[in-house]
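A short reminder: the numbers here are calculations on the coordinates, not readings from a lab. All of these numbers come straight from a predicted model, not from anything done at the bench. FYI the Cβ positions are ideal-geometry reconstructions off the backbone, even for glycines, and counts take in every protein chain you see.
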Amino acid sequence: NAGVTQTPKFQVLKTGQSMTLQCAQDMNHNSMYWYRQDPGMGLRLIYYSASEGTTDKGEVPNGYNVSRLNKREFSLRLESAAPSQTSVYFCASSALTSYNEQFFGPGTRLTVL
Amino acid sequence: GNSVTQMEGPVTLSEEAFLTINCTYTATGYPSLFWYVQYPGEGLQLLLKATKADDKGSNKGFEATYRKETTSFHLEKGSVQVSDSAVYFCALSGSINDMRFGAGTRLTVKP
């Protein structure tokens, strides 16, 4: 039981490049989330998927797109990376019946030059 | 909207000292409250939670009580260890898709 997994762990991009961050969970959770973590700002929600087939914007969605591929997988895409997107990205998942207790992956550290 | 404010760090303590990390919140309705811990290079792990007023969450010697009258959820531990060194996040959830995190408090425990 791996929980929430994320790939890659580290990535360096040049401004304007694109990439997709992958996330998968094996806990049969309905809801999945993407956050970014910046120093002194806690975690901020980028996008979420309440259930398979649905996605919605969070607090900071600009510059990102997501795909809920199936119940297990939720990817985050940067179409044209900018230095302001340098951050640590976390994927999380939760079951509908657990007061929104969220389980987190290990994170992806992204640097945009 | 909902929000969480937690005490700024960093906090440095000697082993076996008493720990308090303050957390207050603003919310409509009856949110659930959480403390998460993040060890270096890792994701967040749930430390404890409380889902209604006067509930006390506890785990690994850490405790926090949901105080609706003071809108607080302060984290305490009676005797910290070096292994408790980490970043601690207070969080609030008002609905299934509304989790708000504090800025985090870095704790360093020295032997």
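If I take every Cα pair under 8 Å that is 6 or more residues apart in chain B, average their sequence separation and divide by the length, what percent do I get for the relative contact order?
37 percent
Mind giving me the nanometre distance, one decimal, between the label points for B:S79 and A:D26, set 7 Å out from Cα along Cα→Cβ?
3.9 nm
So what does log10 I(q)/I(0) come out to for chain A at q = 0.11, 0.18, 0.20, 0.23 Å⁻¹, using the Debye formula with one equal point on every Cα and no solvent?
Debye intensities relative to I(0), on a log10 scale: -0.31, -0.83, -1.03, -1.34.
Taking only C-alpha pairs under 8 Å that are 6+ residues apart, what is the relative contact order of chain A in percent?
Reported as a whole number, the value is 36 percent.
What is the sum of charges around B:Y66, taking Lys and Arg as +1, Asp and Glu as -1, for the other residues whose C-beta is under 10 Å from the C-beta of B:Y66?
+3
For the pairs A:K9/A:K57; B:K68/B:K110; B:K52/B:K77; A:K57/B:K56; A:K71/B:K56; A:K9/A:K71, note any where the Cα-Cα span goes beyond 27 Å.
B:K68/B:K110; A:K57/B:K56; A:K71/B:K56
With springs only between Cα atoms under 10 Å, which of A:L45, A:L78, A:L69 fluctuates most in a Gaussian network model of chain A?
A:L69
What's the center-to-center distance, using Cα atoms, between the range A:43-72 and the range B:35-70 in Å?
Using only Cα atoms to place each centre, the spacing works out to 26 Å.
Normalising by the residue count of the range B:32-89, find the relative contact order in percent from Cα pairs under 8 Å and 6+ residues apart.
It comes to 32 percent, rounded to a whole number.
How many Cβ atoms of partner chains, on average, are near each residue of A:100-109 if near means within 10 Å of its Cβ?
Partner Cβ neighbours, averaged per residue: 5.
With point charges of +1 on the Cβ of Lys and Arg and -1 on the Cβ of Asp and Glu, referenced to the Cα centre of the range A:1-96, which listed residue (A:A82, A:A24, A:A50) lies farthest in the positive direction of the dipole?
Positive-most Cα among the choices belongs to A:A82.
On average, how many beta carbons from a partner chain sit within 10 Å of the beta carbon of a residue in A:86-93?
If you average over the peptide's residues, the count of other-chain Cβ atoms is 1.
Using a 7 Å offset from Cα along Cα-Cβ at B:D54, what residues in the range B:74-111 end up with backbone N under 18 Å from the label point?
B:74
How do B:F62, B:F73 rank when sorted from fewest to most other Cβ atoms within 10 Å of their own Cβ?
Exposure proxy ranking, most exposed first: B:F62, B:F73.
Which residues' amide hydrogens lie under 5 Å from the amide hydrogen of B:K68, considering only partners 5 or more residues apart or on another chain, with H built in the peptide plane?
B:D54
Per-residue mean of other chain beta-carbon atoms within 10 angstrom of the beta-carbon, peptide A:44-57?
1
Would you mind telling me which residue in B:L75, B:L13, B:L48 has the biggest mean-square fluctuation in a Gaussian network model of chain B, where springs connect alpha carbons within a distance under 10 angstrom?
Fluctuation is largest for B:L13.
With +1 assigned to the C-beta of every Lys and Arg and -1 to the C-beta of every Asp and Glu, and no other charges, what is the dipole magnitude of chain A about the Cα centre in debye, to the nearest 20?
For this selection, approximately 260 debye.
Treating only the Cβ atoms of Lys and Arg (+1) and Asp and Glu (-1) as charged, compute the dipole magnitude of chain B about its Cα centre; round to the nearest 20 debye.
160 debye
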